[in-house]
Amino acid sequence: MKELNYEKDVSIDDSSLDVEWLAQARLTFKYCQLEADARKAMDDTKSQLDIVEAELDKEIRNNPEAFDLPKITESAIKSAILVNENYINAKDEYAQAQYELNMAQAAVRSIYAKKDALENLVRLHGQQYFAGPSVPRDLSKEWESKQKQTSANKKVKIKRRK
């Protein structure tokens, strides 16, 4: 798999949304191409795995003694294939190719999630969400005041008329 700076590519600089949007199409193409390459590599390794399996099957049927098989049965042939070193190596390569495809698909999903996040940030920006108040709020003091009020309210006993 190509070496990419994935974390940088999925992060968003909210102070330059215009630049982020300009790069988004290029990033989407780059990661979709990566996914396609990973899918091709996985398909190629699957074909190699199938070839190794077919060759071993043929070899075992032609010379079962070489594989310590006194009797040729389908399950015995399958078992002999599964423990063969060439098959194990081909299976490992296929598993690695599947992993790389899964990671490429995750990267593509992340790039699409970045697109959604950019759309929402632009929408918030248009609604002046980031404009900020004219007087900065001290949220810790507001929270403390709210807690004191809640605490004071709990201490008050309400007397009811009977």
Would it be correct to say that Asp57 is more than 28 Å from the chain's Cα centre (by Cα) and either small (Gly, Ala, Ser) or farther than 20 Å from Ala97 by Cβ (or both)?
yes
Kindly establish whether Asp18 is closer than 30 Å to His125 by Cβ, assigned to a helix (DSSP H, G or I) and among the acidic types (Asp, Glu).
yes
Residue by residue through segment 75-87, note down the ones that are within 16 Å of Ser47 (Cα to Cα) and either out of contact with any helix residue (DSSP H, G or I) (no Cβ under 8 Å at 6 or more places or on another chain) or among the hydroxyl-bearing types (Ser, Thr, Tyr) (or both).
Tyr87
Residue tally, condition modelled with pLDDT under 80 and loosely packed, with under 10 Cβ neighbours inside 10 Å, over segment 116-139
9
Residue check: is Glu142 modelled with pLDDT under 90 and either in a helix (DSSP H, G or I) or exposed (fewer than 14 other Cβ atoms within 10 Å of the Cβ) (or both)?
yes
Just to be sure before I move on: is Thr28 of a type in the set (Ser, Thr, Tyr), in contact (Cβ under 8 Å) with a residue 60 or more places away in the chain, surrounded by 12 or more Cβ atoms within 10 Å (Cβ to Cβ) and part of a helix (DSSP H, G or I) in the structure I sent?
yes
Output for Cβ contacts, cut-off 8 Å, separation at least six or different chains, first residue closer than 17 Å to Ile88 by Cα in segment 53-76, second among the charged types (D, E, K, R) and loosely packed, with under 12 Cβ neighbours inside 10 Å, reads none
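The values are calculated or read from the model by the stated rules, or taken from the named source; none is laboratory data. Fair warning: this is a prediction, and the values are worked out from it, not measured in the lab. Glycine also receives a Cβ, built like all others from the backbone with ideal geometry; neighbour counts cover every protein chain displayed.
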